[in-house]
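Peer 1: The structure under discussion is supplied below as structure tokens; questions concerning it will follow.
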Amino acid sequence: MAKLHGMLPGRTLAAPHAGESQMKKALYISFGMALLSFGLLVADVKTDYSHSTDFRAYRTYSWLKVEAANSLWEDRIRQAVDSQLSAKGLSPQPNGGDLAVAAFGRMSEQKTYNTFYDGLGGGWFWRGFGDGLATTTVESTPVGTLSVDMFDGKTKKLVWRGISTKTLSGDAEKNSKKLQDSVADMFKKFPPKGES
């Protein structure tokens, strides 16, 4: 093994083993992937609104429609949004509300690619280092997205939009709780203060 002269007289330091360097790379890559995965666990909520709209003028709302994978989720979405709008002082009406509300829920698969190196020989063929092996696995994570749109009942113009994206589990109860939390985050700053 090659020896390097250290700063202290009469002492030598061993050169780092090539496998140690690969282990550090693999550790950094794994740490980075863990951070990315953690980001998927947190709901991503975005809202936008018409800055010229005076939201204080709205007192009632009516549903245009709710679309989701099945009627169970349509009911859950409607209940979650109803709860938030009621907490903000809006009352539901069967038809002709000051606001018209539409909600759309959908599920998609988020693909995550994880590559692990065995640390023997580097595994970086394209750079010309060694003959290590790399294994790549693909994970599919279910991600739910909910969009809620509110239109002015008279002008029919979009005045507010909220979109929430969150990872889902295989447990309907957990997903229902995630829905409640996401909708609460969506309406946290509702009604917005317009610029009028």
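Peer 1: If a residue must be farther than 13 Å from F187 by Cβ, more than 25 Å from the chain's Cα centre (by Cα) and surrounded by 15 or more Cβ atoms within 10 Å (Cβ to Cβ), how many such residues does the stretch 45-91 contain?
Peer 2: Of the residues in that region, 4 qualify.
Peer 1: If you don't mind, there's one more thing I want to ask. If you check D48, D75, which single one turns out to be of a type in the set (D, E), assigned to a helix (DSSP H, G or I) and modelled with pLDDT of 55 or more?
Peer 2: Numbers: D48 fails: assigned to a helix (DSSP H, G or I).
Checking each option against the conditions leaves just D75.
Peer 1: Within the stretch 153-190, which residues are within 23 Å of the chain's Cα centre (by Cα) and over 16 Å from V143 (Cα atoms)?
Peer 2: W160, R161, G162, A184, D185, M186, F187, K188, K189, F190
Peer 1: While we're looking at this one, here's another question. Six or more apart or on different chains, Cβ under 7 Å: which pairs go from a residue in the stretch 42-65 that's closer than 30 Å to T167 by Cβ to one that's of a type in the set (D, E)? Could you list them?
Peer 2: A43/D181; A43/D185; V45/D185; Y61/D98
Peer 1: Using beta carbons and a limit of 9 Å, which pairs, at least six apart or on different chains, have the first residue in the stretch 93-107 and at positive phi and the second one surrounded by 15 or more Cβ atoms within 10 Å (Cβ to Cβ)?
Peer 2: Close Cβ pairs (under 9 Å, with a partner that is surrounded by 15 or more Cβ atoms within 10 Å (Cβ to Cβ)) amount to G96/S62; G96/G153.
The values are calculated or read from the model by the stated rules, or taken from the named source; none is laboratory data. On a predicted model such as this, the values are computed, not experimentally measured, just so you know. FYI the Cβ positions are ideal-geometry reconstructions off the backbone, even for glycines, and counts take in every protein chain you see.
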